[in-house]
Amino acid sequence: MRMYYRTVAGPAQIELEEKKSRFIAACRPLTDESEANAFVNGIRQQYPDATHHVYAWILGGDNILQRFSDDGEPQGTAGLPVLDVLRKQNIDQAGIVVTRYFGGTLLGTGGLVHAYGRSAAMALEAAVPVTMQLSRTFQVAIHYAVLNRMRHQLNLLGLTPFDFVYGVDVKLKVAVPVDQSQQIISLLTDIAGGEIDIEPVGLGYRPLPPPDPPSL
């Protein structure tokens, strides 16, 4: 499994008007080709009377797949500019569909490239690009006396514990980057003075935490 990939946080949609043509751009994360095709077909069904449904999507992993379509627009003026928006931000698990309602005024080659590229970029920004990191989730059981110190140290590393259960001791879960697992396990064990139970309970991708806000 790859350690990182780029996608978007969730689905988003924007609208743009250019010389009376209406552009509706939708962006969403994708997991596989069947989901990508369903995304495109769903937009077509949502706007069956539109003039064009231009799309582009990229799926990464072991075998990179990418598709784009001008859907009747002049070659190179629509699908490729949308695909370039994904490429420029290294997105490889997402897609964009730009629906156009023709407004009666021809935009020309440059106008089409600008309109499709701009609407795609706006949709991608609204969907919030995010880097996903391969992480292993651990369930941790510790004494109450070391809880605050442990939470503080995890926060310093950009890790946020979750699923707290309070009983005789404290149980919590924490998702740790796979390549840092042993280092963080050692740190937690030292903080607890060896009085700790750590059990791996899952493996999957989680978004990297946002960078610290700039100092004022």
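The values are calculated or read from the model by the stated rules, or taken from the named source; none is laboratory data. Quantities reported herein were computed from a predicted structural model and do not represent experimental measurements. Because the Cβ atoms are built from the backbone with ideal geometry, glycine has one as well, and the counts that use them run over all protein chains shown.
Listing for the model above:
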read-out	value
Residue within the range 57-71 that is touching a Ser or Thr at 6+ places or on another chain (Cβ under 7 Å), aliphatic (A, V, I, L, M) and modelled with pLDDT of 95 or more present	no
Members of the range 151-183 found to be within 17 Å of R206 (Cβ to Cβ) and aromatic (F, W, Y), listed by number	F162
First in the range 44-68 and at negative phi, second anywhere and of a type in the set (D, E) and in a helix (DSSP H, G or I), Cβ under 8 Å, 6 or more apart	L59/E33; L65/E33
Residue in the range 33-43 that is in contact with a helix residue (DSSP H, G or I) (Cβ under 7 Å, 6 or more places away or on another chain), under 24 Å from V130 (Cα atoms) and surrounded by 15 or more Cβ atoms within 10 Å (Cβ to Cβ) present	no
Members of the range 3-32 that are hydrophobic (A, V, I, L, M, F, W, C) and within 25 Å of M132 (Cβ to Cβ)	M3, V8, A9, A12, I14, A25, A26, C27, L30
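Yes/no matrix, rows are residues, columns are (1) more than 30 Å from I58 (Cβ to Cβ); (2) out of contact with any helix residue (DSSP H, G or I) (no Cβ under 7 Å at 6 or more places or on another chain):
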position	(1), (2)
A120	no, no
A123	no, yes
V140	yes, no
L147	yes, yes
G167	yes, yes
S181	no, yes
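Yes or no, residue by residue, for (1) within 19 Å of L80 (Cβ to Cβ); (2) out of contact with any strand residue (DSSP E or B) (no Cβ under 7 Å at 6 or more places or on another chain); (3) not in a loop (DSSP other than H, G, I, E, B):
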{"position": "M1", "(1), (2), (3)": "no, no, no"}
{"position": "R6", "(1), (2), (3)": "no, no, yes"}
{"position": "E15", "(1), (2), (3)": "no, no, yes"}
{"position": "E35", "(1), (2), (3)": "no, yes, yes"}
{"position": "V40", "(1), (2), (3)": "yes, no, yes"}
{"position": "R44", "(1), (2), (3)": "no, no, yes"}
